Amino acid sequence: MFPKSLFTVVAALALLFSAAVSASAQVGELHGQVFMQQADGTKVPLADAVIDVYRTDISSKYNTKTNKKGEWIFAGIPYIGTYTVAVSHPTAQPTWQPGVKAGRDIDVVLTVSPGDGKRLTLDDIKGLGAASGTPVSGSESAADRAKREEAMRKNAEIEAKNKKIEETNTVVERTFNAGNAALGLKNYDEAIAQYDAGLAADPDQPMILANKSVALKARGVQRYNAGIASQNDAEKKTSFDGAKSDFRAAAEAMTKSVEMIKAQPVPADATQYNVNKLFAYAARADAMRLFVSKVDQSQADAGKTAYEEYIAIETDPVKKSKAQHDLAQMLFDANSFEQALAEYKKILEVTPDDTDALVKSGMLLFNIGAINNDKAKYQEAANYLQQFVDKAPDTDKFKADAKAILEELKNQQNVKAEKTAAPVRRRRP
């Protein structure tokens with residue numbers, strides 16, 4: 001049964017996104033390799049081949065040369081655009097490949113044969129037709145024709161793949177933005193539907209999963225609070241069941257998102273990667289908190305791991321401290337008394353006057369003492385609770401409970417709080 005207490009959650013928008021679909025990811029790499037066809041049928045890398053990249057949707061051109069391994073690369077080609085890659089060399093017959101896209105991590109591999117060294121313009125290519133690798137001059141042997149046709153087939157496959165990627169990215173970006181807009185308006189059903197549409201197009205999107213988890217968690221809180229407010233038993237049960245379902249789904253989505261991020265290679269510039277990682281780890285910990293405390297207490301260990309991994313990478317001391325308290329409270333709510341006590345004691349090692357950690361430690365020790373009929377635990381409980389009573393303001397909601405437990409320990413167990421040793425004052429010389 002859910003405890004009869006309201007709780008709130010802040011559904012922070014996760015305006016983070018992987019580079020493949022981010023609106024800010026305006027450029028991408030374009031790379032490949034050039035080979036020279038030898039008389040014996042072998043191919044060798046061709047150094048100093050001229051690479052002309054023509055953008056065909058608008059007028060633009062880029063130039064470079066191959067290195068000793070026949071490799072070439074452009075690091076900052078506009079991501080949105082269609083390109084034709086042409087290759088020439090003083091000893092070769094030129095060739096080209098149309099329909100190329102940047103940022104798809106696909107090598108553009110071109111093979112030339114000995115020739116007159118002609119360098120093709122875009123008008124030359126248009127005049128020769130759309131087929132990739134059509135010879136510019138000379139007769140075409142059956143072997144050359146077969147190679148050209150194979151190159152055309154491969155190019156068609158690449159074009160189809162590029163088109164599919166472009167269409168997928170369009171759907172993913174559109175649904176991600178629409179989901180975020182709906183999430184900002186607290187229209188959680190619509191947000192979840194949009195994120196699901198994006199994941200249907202490409203399930204390997206950890207940040208869409210992360211934002212879906214945020215929406216599911218927020219809807220779960222909304223349903224949970226509606227259940228508390230309802231006076232109708234049937235409506236109350238429906239709301240609580242819906243909240244449980246959302247908390248479970250949020251934890252599953254966030255766990256999957258973190259697993260995807262862990263599997264990603266860390267880029268050379270890891271700034272955005274680290275931002276996404278920190279958000280995902282924090283969101284997973286919070287999703288697990290609700291799942292463990294409200295749905296399935298048997299998953300306390302998984303929740304503890306989620307918090308520990310988040311705390312390990314969090315650098316903000318305020319957020320780190322809050323996470324440590326949330327971890328201890330989650331274990332407390334899950335009736336994992338020994339683990340919760342260990343976490344509260346860690347907090348007290350750093351901040352001995354933390355009243356929340358003092359009272360919770362006392363309550364946990366009281367429960368452990370009652371379960372095991374352990375007077376030593378009762379004594380520890382009394383010591384912590386008395387420190388809490390001495391330090392906490394009268395407005396603290398736990399103060400009356402702490403006094404009641406102390407009175408019970410005194411009357412029924414003959415246990416009183418031990419006096420802490422007063423600091424020794426040195427006389428002035």
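Residue check: MET288 meets all listed conditions (1) without any contact (Cβ under 8 Å) to a residue 24 or more places away in the chain; (2) under 30 Å from ALA218 (Cβ atoms); (3) surrounded by 24 or more Cβ atoms within 10 Å (Cβ to Cβ) but one, namely (1). Of all residues in the range 326-334, at least one satisfies being surrounded by fewer than 24 Cβ atoms within 10 Å (Cβ to Cβ) and farther than 27 Å from THR395 by Cβ. Within the set TYR344, TYR310, the sole residue that is assigned by TED's automatic domain parsing to the domain that holds TYR224, under 30 Å from ASP204 (Cα atoms) and among the aromatic types (Phe, Trp, Tyr) turns out to be TYR310.
Of the helices (runs of 4 or more DSSP H) lying entirely inside the range 309-401, those carrying at least 2 residues that are within 27 Å of MET254 (Cα to Cα) are 317-333, 337-350.
Against the conditions (1) crowded, with 16+ Cβ neighbours inside 10 Å; (2) touching a residue at least 60 places away in the same chain (Cβ under 8 Å), LYS186 satisfies every one except (1).
Being in a helix (DSSP H, G or I) and among the small types (Gly, Ala, Ser) is the filter here; which residues of the range 242-270 pass it?
Of everything in the range 242-270, those that are in a helix (DSSP H, G or I) and among the small types (Gly, Ala, Ser) turn out to be GLY242, ALA243, SER245, ALA249, ALA250, ALA251, ALA253, SER257, ALA263.
Got at least one residue in the range 231-241 being assigned to a helix (DSSP H, G or I), in contact with a helix residue (DSSP H, G or I) (Cβ under 7 Å, 6 or more places away or on another chain) and in contact (Cβ under 8 Å) with a residue 60 or more places away in the chain? So far as the range 231-241 goes, yes, one or more of its residues are assigned to a helix (DSSP H, G or I), in contact with a helix residue (DSSP H, G or I) (Cβ under 7 Å, 6 or more places away or on another chain) and in contact (Cβ under 8 Å) with a residue 60 or more places away in the chain.
Scanning the range 40-59 for residues that are outside any strand (DSSP E or B), in contact (Cβ under 8 Å) with a residue 40 or more places away in the chain and farther than 15 Å from GLY117 by Cβ turns up just one, THR56.
Entry remark, the range 291-309: residues being among the aliphatic types (A, V, I, L, M) and crowded, with 22+ Cβ neighbours inside 10 Å number 2 in total. Among the residues of this structure, ALA191 does not count as one that is within 26 Å of LYS262 (Cβ to Cβ), free of Cβ contacts under 8 Å to residues at least 12 places away in the same chain and outside any loop (DSSP other than H, G, I, E, B).
Looking at the range 113-134, I want the residues that are more than 21 Å from GLN38 (Cβ to Cβ) and have a partner that is modelled with pLDDT of 80 or more and charged (D, E, K, R) with Cβ atoms under 9 Å, at least 6 apart or on another chain. Which pairs are those? Partner pairs satisfying both residue conditions: ARG119/ASP52; LEU120/ASP52; THR121/ASP52; LEU122/ASP52; LEU122/LYS61; ASP124/LYS118.
Residue-wise test of (1) buried (at least 17 other Cβ atoms within 10 Å of the Cβ); (2) touching an Asp or Glu at 6+ places or on another chain (Cβ under 6 Å); (3) over 18 Å from PHE279 (Cα atoms).
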| residue | (1), (2), (3) |
| --- | --- |
| ALA146 | no, no, yes |
| ALA156 | no, no, yes |
| ASN162 | yes, no, yes |
| ASN180 | yes, no, no |
| TYR224 | yes, no, yes |
| ALA250 | yes, no, no |
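The values are calculated or read from the model by the stated rules, or taken from the named source; none is laboratory data. Treat the numbers as computed from the prediction; the structure is a model and nothing was measured. Cβ sites come from the backbone with ideal geometry, for glycine too, and all protein chains shown count toward neighbours.
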